[in-house]
1. Taking 7 Å along the Cα-to-C-beta vector as the label spot, tell me the Lys154-Lys125 distance in nanometres, rounded to one decimal.
2. Given the pairs Lys73/Lys256; Lys236/Lys256; Lys34/Lys236; Lys219/Lys256, which are separated by over 22 angstrom at their Cα positions?
3. Can you check what the net charge comes to around Ala357, using other residues whose Cβ is under 12 Å from the Cβ of Ala357 (Lys, Arg +1; Asp, Glu -1)?
4. Restricting to Cα pairs below 8 Å that are 6+ residues apart, what does the relative contact order work out to for segment 84-149? Please round to a whole percent.
5. Sorted by mean Cβ packing within 10 Å, highest first, what order do the peptides 230-243, 36-49 take?
6. Before anything else, pin down the relative contact order of segment 110-177: Cα pairs under 8 Å, at least 6 apart, normalised by residue count, whole percent.
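Just so you know, all these numbers are worked out from the coordinates, no wet-lab data involved. If you're wondering where the values come from, they're calculated on a predicted model, not measured in any experiment. Because the Cβ atoms are built from the backbone with ideal geometry, glycine has one as well, and the counts that use them run over all protein chains shown.
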Amino acid sequence: MSNSIGSKVLSGLTLCCALGVGLSHAQTPTTQPKLLALDAKQQAALGVQVATPGAANTAQLLASALVNTLPGKDVTVSAPYPGQLSRLWVGVGDRVKAGAPLAQFTSPMLGEARRQWQEAQLELKNANSALQRDQAMLDEGIIPAVRVQITRNKQEAAQALVQAREAELHAAGIGANADHDKATMGYASGTLTAPIAGVVTQAFAAVGQRVEPGAVLFKLADDSSLQLDIQLASDKAAQLQVGDAVAVPSREAQAKIVGVSRAVDASQLARARAVVTHPGRLQVGEVVAITLQAKASTATSATRWLVPARALTPWNNQSLVFVRQSTGFTAQPVRVLSSNDDLALVEANWPAHAQVAISGIAALRALLQKDE
């Protein structure tokens, strides 16, 4: 019976050892990445190129941003009446000063508005004359004071009508004075002018094209001051504060956070806004990759690196980076903290001067799959 018990114990130990060996073997690829042996000629044939990651501090975040103008620094010039553009003086990309002519606009309703304005002026002149006459008759005691008051009320009503007609023409962006337009373009034509100084970003109409009232004709932007509209995950937004620095390495530009919204939109992204302090080569409307220097960062003992985004590759529900060794490459898992179109911020443990593959990734993945 003792031999039977001893044999069972021995069998149990043998099974435990077998399981232990199996478990150790299963953990080996994670703790000791498998080496893909490649010499220099093989790397060149596969098109593998390498780059050295940059060390990142614990406060850096990566995101993308849209370059935009400051609030109120972009305006739209629209058609004031139904009509057509009879002449254009500017195009997309042209810089204009405030009040500079943009286009010649022709509309029968413009001529009607000017006619009504001039009629209102004539009525005001008649009302002024009637008031002077009645005032003189009142001074001589010929008429009572109430008659002068009635005449004065008519004069004030005529003056209000003139102001209303002038306001209509000024709101149209053409102006009430038609003397120059009548001499050069016609009574029903006027000049659309630039309300601000800036650059013409869009032009929507061609000469001779008929447009409806309110149709957008031009868009202008004052690009002397710019801002960055940033979209990022809510956990990243929670680390930002007003005053945090923003860098745009690809455009040699700098900015500063001026507002952070904790609310998220339908895509579960929060928004932040940064005013550009050094514009570099930024252009209105472009999307750029940015680096945020957050003051409120989470302390961590892991080493953070900035690697080219193309160096990352997905593998078994994790992200891998192929790290160069003396005889080839090892596929090392990394934790991606944030990324944009150019860079990725990752946590990984490798030597300070390690190099990672940035091209030929598909070939290295094929070799990794073959070895497994």
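1. It works out to 1.7 nm between the two label points.
2. Working: Lys73/Lys256 19 Å; Lys236/Lys256 16 Å; Lys34/Lys236 34 Å; Lys219/Lys256 27 Å.
Result: Lys34/Lys236; Lys219/Lys256 exceed 22 Å.
3. Values: positive: Arg310, Arg324, Arg365; negative: none.
Its environment carries a net charge of +3.
4. Values: 31 pairs, mean separation 15.3, N = 66.
After rounding, I find 23 percent.
5. Working: 230-243: 16.8, 36-49: 14.3.
Ranking the peptides 230-243, 36-49 by packing returns 230-243, 36-49.
6. Numbers: 48 pairs, mean separation 29.6, N = 68.
In percent, rounded to a whole number, it is 44.
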